[in-house]
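The values are calculated or read from the model by the stated rules, or taken from the named source; none is laboratory data. None of the values given here were measured: they were computed from a predicted structure. All Cβ positions, glycine included, derive from the backbone under ideal geometry; neighbour counts span all protein chains shown. Heavy atoms of the whole protein, side chains included, go into the accessibility calculation; ligands, DNA and RNA do not. Shrake-Rupley method; radii C 1.70, N 1.55, O 1.52, S 1.80 Å.
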Amino acid sequence: MFEVSRVPVRDALQLLIGMGLAVNVPRRGVIVRPLSWQLLDELFEVRKILEGAAIRMAMRNATPEHHRRLDSVIARQAECLKAGTPSGMRAGR
């Protein structure tokens with residue numbers, strides 16, 4: 001499908017195992033490492049910090065057109081939430 005030989009795929013999997021993101025399970029192969037609740041909590045703490053910083057930087061550089069588009073997206077999301085159609089909340093709809 002991706003026209004990639006086995007060697008780079010095997011190397012990539014070994015790299016993921018080495019990084020602790022995947023584990024080699026006998027007779028099953030390589031799988032994504034199960035996440036603990038503690039790790040998930042830590043990941044979300046980091047995401048809050050990074051996403052907060054990203055939005056602050058974006059807003060400093062935003063034009064009035066950006067603000068109008070953002071207001072439109074937020075209004076559309078509120079409508080979808082009220083109507084119970086969360087799939088309509090994706091960007092670009």
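Inspect all residues belonging to the range 40-49 and state whether any of them is at negative phi and open to solvent by less than 70 Å² (accessible area, probe 1.4 Å). Step through it out loud before you land on a result.
So in the range 40-49, the residues at negative phi come out as 40-49.
From the residues that got through so far, the ones that are open to solvent by less than 70 Å² (accessible area, probe 1.4 Å) too are 40.
Looking for residues that are at negative phi and open to solvent by less than 70 Å² (accessible area, probe 1.4 Å), one finds at least one in the range 40-49, hence yes.
Sort out which residues of the range 1-33 are among the charged types (D, E, K, R) and touching a Pro at 6+ places or on another chain (Cβ under 9 Å), and write them in order of number. Steps first, answer last, please.
Looking only at the range 1-33, we keep the residues that are among the charged types (D, E, K, R), and these are 3, 6, 10-11, 27-28, 33.
Matches in the range 1-33: none.
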